[in-house]
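Below is one structure, written out as structure tokens; the observations come after it.
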Amino acid sequence: MNEFQLIRRYFDRPAPGAVLGVGDDAAILAPAPGMELVVTTDMLVEGRHFFAGTDPASLGHKTLAVNLSDVAAMGARARWATLAVALPAADEAWLAAFSRGFFSLADRHDVDLVGGDTTRGPLTLSVTLIGEVPAGQAIRRDGAVAGDDIWVSGELGGAALAVAARYGRAPDVGLDTLRNAARRLDWPEPRLQLGERLRGLASAALDVSDGLTGDLAHLCERSGVAAELWLSALPCAEALLALRSSAPALFAAGGDDYELCFTAPRAHRAAIEALPAELGLRLTRVGRVAAGEGVRLLDAPDGAPVLLTHTSYDHFR
Ligand SMILES: Nc1ncnc2c1ncn2[C@@H]1O[C@H](COP(=O)(O)OP(=O)(O)OP(=O)(O)O)[C@@H](O)[C@H]1O
Ligand SMILES: Cc1ncc(C[n+]2csc(CCOP(=O)(O)O)c2C)c(N)n1
Ligand SMILES: [Mg+2]
């Protein structure tokens, strides 16, 4: 199998939402009238973002999911993707599973793969995702205002627990709990439906990829505000509740969650509280925006400060 047979077999699929998809020097896309484009790129590198030997179907899923998560955080709809891969070898079983994982998530969200690049090299997977949002309505990081509530979707900490376990640094939580945590790490679910519903409700948003405290600090910086987070409010799986106080960094600073963190005015509380029933997704109020700068983690509202050894994942620290 040569390079072009590989592309045709595993990555060339019909792209009904594009003017022209895979096969030319570039794809041709036509945004719908009145829409703005949102564009994001996220890369996964073996040994850094995932462990050698990770199930290729989950890698196909996660490579796309981490990008969809950024589009969700903007309140946009995902439309088109390009995929750049460096592969150590043309392993057909690996490629078939990877492609299956990628396209089954793409199909669920009506995303067309319209191009990419394929080369031989250390396993590296990169997607560029293009989405659409009604002009002027994207949810940015710079809209939070003192007094806003801070919300988080889903649950935190499972993925970081799975990473810690693989490095032999996790507390003993039992096999079942660990299996659920590994699922959070390998099969993150991008919150696209939530992102679109938050347009007009959230004042600012981002996705939690590096760790809540550190990611929220980016939002605060862009908005020129401070934030207070409550450890006892951070949503986690029932089986991890005891760990939340004994290993707070897993929840407040552990990465790989791909949940959405957003701020919203108090006046939107009731509307937001109605979303979980509609979306089948937990939404939890985890803190408040204040005047000033920086993120403070307290054990509870008006409680004592919780000290963390780190606030998020950093590639160069
Ligand atoms: N090499 C680069 N050149 C230009 N811009 C970059 C580069 N790397 C990152 N950026 C930009 O810097 C900002 C922060 O990047 P980062 O990858 O940390 O995004 P994030 O959304 O905070 O995290 P994640 O990608 O894990 O969701 C983004 O606007 C991104 O587009
Ligand atoms: C093998 C292995 N070691 C460590 C981690 C943890 N990790 C790596 S990158 C990252 C942040 C998101 O990346 P980026 O900021 O590049 O989008 C996190 C939390 C992992 N997933 N796998
Ligand atoms: Mg992001």
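Filter segment 163-177 down to residues that are surrounded by 10 or more Cβ atoms within 10 Å (Cβ to Cβ) and modelled with pLDDT of 95 or more and give me whichever is nearest to the chain's Cα centre (by Cα).
Val163
Collect the residues in segment 39-80 that are outside any helix (DSSP H, G or I), crowded, with 23+ Cβ neighbours inside 10 Å and within 16 Å of ligand 3 (Cβ to nearest atom), keeping them in residue-number order.
Matches in segment 39-80: Met74, Gly75, Ala76, Ala78.
Given (1) part of a loop (DSSP other than H, G, I, E, B); (2) surrounded by fewer than 18 Cβ atoms within 10 Å (Cβ to Cβ); (3) within 19 Å of the chain's Cα centre (by Cα), identify the lone condition not met by Arg183.
Going through the list (1) part of a loop (DSSP other than H, G, I, E, B); (2) surrounded by fewer than 18 Cβ atoms within 10 Å (Cβ to Cβ); (3) within 19 Å of the chain's Cα centre (by Cα), Arg183 breaks only (1).
Only one residue in Val114, Val145, Val127, Val85 is aliphatic (A, V, I, L, M), buried (at least 20 other Cβ atoms within 10 Å of the Cβ) and over 26 Å from Tyr313 (Cβ atoms), so which one is that?
Val114
The values are calculated or read from the model by the stated rules, or taken from the named source; none is laboratory data. What you see is a predicted model; the values in this text were computed from it and never measured. Don't worry about glycine lacking a Cβ; one is built from the backbone with ideal geometry, like all the others, and counts go over all protein chains shown.
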